[in-house]
Amino acid sequence: MRCAGERPWTVYLQAKVAVQATYYIAARQIAPGEPLSAADLVARDGDLTVMPLAVITDPAQAIGSTALARISAGLPLRQDMLKSAASVSAGQTVRVVAAGPGFTISAEGSVLANAAPGQSVRVRMAAGQIVTAIVKDAGTVEIPL
C-alpha cells in the first residue's frame, strides 16, 4: 500500500490469492481405455490454485474421452489423464458458425487437424483465410467472438 501525500509512505502486505471454481472428480474407479460419461463425474467446488494443473473445470472436457490409465474414485480429473475421441479430422468439411447477440453467421470450411469437442482447431475457409474455432460436434465448429 502506498500514500503519495505530503509525507509519503509505503507498507508491504502479504496476500493469498485463491481461485474458487467448480472442478470434477471421478465418481468411481475408471479402467484404462474406458470412455467417461456424465455419470462418471462429480462436481466439487474448491480453490484451483491448490489443484493439479489442467484439472477439468467443464464436464464437456471429459465426457466421451477415454482414460489413459486407471483413475481412482474421488481423484480430481485432469486433461492429461484422458484421451479425447477426435470428432473432426484433418480435411473434413465442417460448418463454421459465428454467433453473437441477435445474429448467427455460418459457412463451410476444411479442418486442418484432428480435434475433439472443446478443443481449438484451425479451419481453412472457402476464400483461403484460416480461422481458429472451437469444435462443438462432429460437423460443427464455432468461432468465439
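Is at least one residue of the range 72-83 at pLDDT 90 or above, in contact with a Pro (Cβ under 6 Å, 6 or more places away or on another chain), surrounded by fewer than 16 Cβ atoms within 10 Å (Cβ to Cβ) and not in a strand (DSSP E or B)? So far as the range 72-83 goes, no, none of its residues is at pLDDT 90 or above, in contact with a Pro (Cβ under 6 Å, 6 or more places away or on another chain), surrounded by fewer than 16 Cβ atoms within 10 Å (Cβ to Cβ) and not in a strand (DSSP E or B).
Residue-by-condition table, conditions (1) more than 25 Å from ALA138 (Cβ to Cβ); (2) of a type in the set (Gly, Ala, Ser); (3) in the same structural domain as ALA138 (by TED's automatic domain parsing):
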site: LEU53; (1), (2), (3): yes, no, no
site: ALA62; (1), (2), (3): no, yes, no
site: LEU75; (1), (2), (3): yes, no, no
site: GLN79; (1), (2), (3): no, no, no
site: THR104; (1), (2), (3): no, no, yes
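Of all residues in the range 49-59, at least one satisfies being acidic (Asp, Glu), under 26 Å from SER120 (Cβ atoms) and out of contact with any His (no Cβ under 7 Å at 6 or more places or on another chain).
Restricting attention to the range 120-144, the residues that are surrounded by fewer than 17 Cβ atoms within 10 Å (Cβ to Cβ), closer than 11 Å to SER87 by Cα and in contact with a Ser or Thr (Cβ under 7 Å, 6 or more places away or on another chain) add up to 2.
For the range 28-70, a tally of residues being acidic (Asp, Glu), touching a strand residue (DSSP E or B) at 6+ places or on another chain (Cβ under 8 Å) and not in a strand (DSSP E or B) returns 2. Taking the range 121-143 as the range and being closer than 21 Å to GLY100 by Cβ and either assigned by TED's automatic domain parsing to the domain that holds PRO59 or touching a residue at least 40 places away in the same chain (Cβ under 8 Å) (or both) as the test, the residues that pass are VAL135, ASP137, THR140, VAL141, GLU142, ILE143.
The values are calculated or read from the model by the stated rules, or taken from the named source; none is laboratory data. Bear in mind that the values here come from a model prediction, so they are computed numbers and not experimental data. Counting neighbours? That spans all protein chains shown, and the Cβs are built from the backbone with ideal geometry, glycine included.
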